[in-house]
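Novice: Below is the structure I would like to discuss, written out as structure tokens.
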Amino acid sequence: MIGLRAGIEGYAEETVGVMMSAYFVGFVLASIHAPKVIQQVGHIRAFAAFASAASAFALCFAIFVSAPAWIVLRVLQGACYAGLIIVVESWLNASAEPGWRGRVLAIYSIVMYGAWAISQPMVALAAPSGFVLFAVVSICLSFALVPITLSRAGNPGVVLATRVGLRRLLAISQTALAGAFVMGAVVGAFFGMGPVASQQLGFSDTKTGAILSAALIGALVFQWPLGWLSDRMDRRFIILGSGLSGVILSGLLVWTLTDGNELLVIALCFLLGGALMPLYSICLAEVNDRIDESELIAAASGFVLVYGVGSAVGPFAASLVMGRIGPTGLFSFMAAALALFVAFGTLRIRQRQRTATADKQSYVATPSTSHAALPLHRHGPDRAEGEEAPR
């Protein structure tokens, strides 16, 4: 919605790119500091504060229509959403019995991807040039307060953002770490600048929502088949194969966008989302194969941070390319970034042996949200210390 409204206001691609990147800057910063807030005031109060602020910021976008104001609001919005997600994931972590952690994480991933997919077509509910869509976002955030604030008080414990150093992550798997950064960049660019490119090409708001929704549905459909394959093959081949598929699909989209075939664009975006978005979980599984169980949460927490930094870089980098060659520059950027990653990964495969099948952990679909979901990983240690969460 922000991308479409920014286009209506006539903002340059580079300005919109800064807006889209600003969200992830706020998200990354809050991922580090939000657990301290939750510890001080508790889960329910923290959730209420973050949701109330995010609801107000959604309305502020419609009131203060200017690029500087929107950039600041995007940072604040990203920070609030990070806090909300950490509360929810810490709550799930505290509620899940050890034997159910993997299943809870899988269900949570499905709910998240499903909600994201359903939300995209909602842009057709009203014109982005008006106030209604901003009010819809505010209403949804207000409704999100209801089940949390009606729960009885408790102290479920907070998952702290402990991380291993970048050097340690590089030593574990350079291919997986590079994959996390590049996936964050291209996925962030796609969802941040995709609506702008679609609008510039003359697609309707309904078609724009369908394009983004198709990519998310593709991620849901391909998540488990790719994970199943990665358990039976060298995960690095799956990572590079999916990356190469992303290069090809991005190239096809450059050609298809100029041709104006909307249905083909939706189909290709379905395949693109299916090829790229599950790679986060596969790269994380590659890291897990090479570390001790005691390091899983710290390593994966650093992994989330690298993904977040990539997400902050991607939209702005894509906007620079779009500003020079037009809307197809989005997929040109994605193809170039993925091609560099595939080339780097191919060199690394020759320099390091594959993980023995006996040493591999089974694949777990993991959302690229925050570090707080990671203790739900069935290969990791038990939940954070604290009382059982209210249900």
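The values are calculated or read from the model by the stated rules, or taken from the named source; none is laboratory data. As the structure is a computational prediction, the values presented were derived from the model and not from experiment. Cβ atoms come from the backbone with ideal geometry, glycine included; neighbour counts cover every protein chain shown. Ligands, DNA and RNA are excluded from the accessible area calculation, which covers all protein heavy atoms including side chains. Shrake-Rupley method; radii C 1.70, N 1.55, O 1.52, S 1.80 Å.
Novice: Under Stokes-Einstein, with the Kirkwood radius over Cα pairs standing in for Rh, what whole-number D in µm²/s applies to segment 1-45 at 10 °C and 1.306 mPa s?
Specialist: Approximately 127 µm²/s, per Stokes-Einstein.
Novice: Also, quick follow-up: Counting Lys and Arg as +1 and Asp and Glu as -1, each charge on the Cβ, what is the dipole of segment 180-289 about the Cα centre in debye, to the nearest 20?
Specialist: Here segment 180-289 has a charge dipole of around 40 debye.
Novice: Once Rh is set to the Kirkwood radius over Cα pairs, what Stokes-Einstein translational diffusion coefficient, in µm²/s, holds for segment 23-70 at a temperature of 25 °C and a viscosity of 0.890 mPa s?
Specialist: For these conditions, the coefficient is 202 µm²/s.
Novice: Compute the relative contact order of segment 51-196 as a whole-number percentage, counting only Cα pairs closer than 8 Å that sit 6 or more residues apart in sequence.
Specialist: For segment 51-196, the relative contact order is 35 percent.
Novice: Counting alpha carbon pairs within less than 8 Å and at least 6 residues apart, what relative contact order, in whole percent, applies to the chain?
Specialist: With pairs under 8 Å counted, the relative contact order is 30 percent.
Novice: Can you give the percent of C-alpha pairs in segment 65-145 whose distance is more than 16 Å?
Specialist: Beyond 16 Å sits 68 percent of the P(r) for segment 65-145.
Novice: Take the solvent-accessible surface of the protein heavy atoms, probe 1.4 Å, and return the percent of it on segment 177-259 that carbon and sulfur atoms account for.
Specialist: That fraction is 72 percent.
Novice: Continuing with this model, one more query. Leaving out ligands, DNA and RNA, what percent of the accessible area of segment 43-127 is carbon and sulfur, probe 1.4 Å?
Specialist: Using a 1.4 Å probe with all protein chains present, segment 43-127 comes out at 77 percent carbon and sulfur.
Novice: What's the Kirkwood radius of segment 165-296 in Å, using all Cα pairs?
Specialist: Result for segment 165-296 stands at 15.6 Å.
Novice: Moving to a separate point now. With an 8 Å Cα cut-off and a minimum separation of 6 or more residues, compute the relative contact order for segment 260-335 in percent.
Specialist: Once divided by the residue count of segment 260-335, the mean separation gives 15 percent.
Novice: Once every DSSP H run of n ≥ 4 in the chain is given -39500 (n - 2.57) and the sum is divided by its residues, what mean residue ellipticity at 222 nm do you get, rounded to the nearest 500 deg cm²/dmol?
Specialist: For the chain, the value works out to -25500 deg cm²/dmol.
Novice: Convex hull over the Cα atoms of segment 17-97, averaged projected area in nm²?
Specialist: 5.5
Novice: Out of every Cα-Cα pair in the chain, what percent are more than 32 Å apart?
Specialist: Roughly 31 percent, once rounded to a whole number.
Novice: For the charge dipole of the chain, defined by +1 on Lys and Arg C-beta atoms and -1 on Asp and Glu C-beta atoms about the Cα centroid, which residue among Ile172, Phe61, Gly202 has the Cα displaced farthest towards the positive pole?
Specialist: Of the candidates, Ile172 comes out farthest on the positive side.
Novice: So with the 1.4 Å probe, I'd like the accessible area per residue for segment 13-100, rounded to whole Å².
Specialist: 39
Novice: Let me ask another. By Kyte-Doolittle mean hydropathy of at least 0.0 and Cα axial length of at least 18 Å, which whole DSSP H helices of the chain are selected?
Specialist: The answer, listed by residue number, is 13-41, 43-63, 67-95, 101-119, 132-149, 174-200, 205-232, 235-259, 262-276, 296-325, 329-351.
Novice: Can you bin every Cα-Cα distance in segment 81-128 into 5 Å intervals starting at zero and give me the percent of pairs per bin, rounded to whole numbers?
Specialist: The calculated distribution, bin by bin, is 4, 18, 19, 21, 14, 10, 7, 4, 2, 0.
Novice: Could you work out, for segment 259-345, what percent of all Cα-Cα pairs fall into each 5 Å distance bin, beginning at 0 Å and stopping at the bin that holds the largest distance?
Specialist: It works out to 3, 11, 15, 21, 19, 13, 8, 5, 3, 1, 0, in whole percents.
Novice: Report Rg(Cα)/(2.2 N^0.38 Å) for segment 1-139, keeping two decimals.
Specialist: Segment 1-139 yields a ratio of 1.15.
Novice: Only Lys, Arg, Asp and Glu count, each charged at its Cβ (+1, +1, -1, -1), so figure out the dipole size of the chain about its Cα centre, rounded to 20 debye.
Specialist: 480
Novice: Per q in 0.17 Å⁻¹, report the Debye log10 I(q)/I(0) for segment 60-211, using one uniform scatterer on each alpha carbon and no solvent.
Specialist: The computed values of log10 I(q)/I(0) come out as -1.37.
Novice: Please calculate how many Å² of accessible area segment 186-234 carries per residue, with a 1.4 Å probe and no DNA, RNA or ligand atoms counted.
Specialist: 35
Novice: Quick check: convex hull of the Cα atoms in segment 195-261, volume per residue, rounded to a whole Å³?
Specialist: Each residue corresponds to 85 Å³ of Cα convex hull volume.
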